[in-house]
Amino acid sequence: MGGIRDILLRRMPEEELEARVRGVRREFGDLIDDEAALYIIAIDRGDMRGRLMPISDLRDGMWACLTGHVTSTGWSRTGHVVSWLTLEDGTGRVRCVLWRKELADMVRSGDIMAGDRVLVLNGRIRSEGAPEVHVDARGSIEVLPEELAEVGTVREGDVVNLRGVVSSVTPAREFTRRDGTTGQVASITLFDGTGELRIVLWDDAVRHLGGVEVGDDVSLMGVVVRSEGGRLEAHSVRGTKVRVLRPA
């Protein structure tokens, strides 16, 4: 529940929040825990119009709050600025449309991208076929602290955040796509104590990790796990965040 707590801490001092949590718990005879108290405070303040719920339970007309991992993003290129993202939470997948300009701009600028874990507050559910979450001036979206996956536990199809030490580097090379444009590809092997995984880096990710060396501590946020020749490897995608945390 760190997401709700973090949001409330942006709106009031920690001492005030702790006092309000204690007050709500006393009001309910200590029959609820701190997490439930935080939700009650958020709802009373108007920070939440609906309860936190799994994607599989979303229905047309609801107000809902939800958390999930971003698996893809996009935005309109003409007219009113609208962005969207796809969220997954283990129970399902849903498209989330961001109408507020400042939220839409977060997607366009890369502040929200594949691999991020987000909290959506006050989304209105609309359903013409598959449900969609629409976030307008009454809603908001927050990027939650990033969760790291262990290399030894990743599975094909996962979109994950990884951190580890580079154990090998394959230098970048240029290639030509079918449409005649050129790109760059490189790879590293990442070790995190639970296993090793080959990471294939494309285009922007190659440039961001330029000069990476064996022994460097690196993070990769939003890579996609694929199976190639029966072996798992992870690939950067548009919006993958990569950086060297501690050079060799």
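The values are calculated or read from the model by the stated rules, or taken from the named source; none is laboratory data. Every value quoted in this text rests on a predicted model; they were computed, and no experiment measured them. Heads up, the Cβs are rebuilt from the backbone with ideal geometry, glycines too, and the neighbour counts pull from every protein chain shown.
Any idea which residue in segment 227-248 is modelled with the highest pLDDT, counting only those that are touching an Asp or Glu at 6+ places or on another chain (Cβ under 6 Å) and in a strand (DSSP E or B)? For segment 227-248, the residue satisfying everything is 227. So, residue 222, is that one crowded, with 16+ Cβ neighbours inside 10 Å and more than 14 Å from residue 165 (Cβ to Cβ) or not? Yes: the conditions hold for residue 222.
The set of residues from segment 129-156 being in a strand (DSSP E or B), surrounded by 14 or more Cβ atoms within 10 Å (Cβ to Cβ) and of a type in the set (A, V, I, L, M) comprises 133, 135, 141, 143. When 126, 95, 59 are checked against the criterion of being among the basic types (Lys, Arg), surrounded by fewer than 22 Cβ atoms within 10 Å (Cβ to Cβ) and assigned to a loop (DSSP other than H, G, I, E, B), a single residue qualifies: 59. The lone criterion from (1) surrounded by fewer than 14 Cβ atoms within 10 Å (Cβ to Cβ); (2) touching a Leu at 6+ places or on another chain (Cβ under 8 Å) left unmet by residue 171 is number (2).
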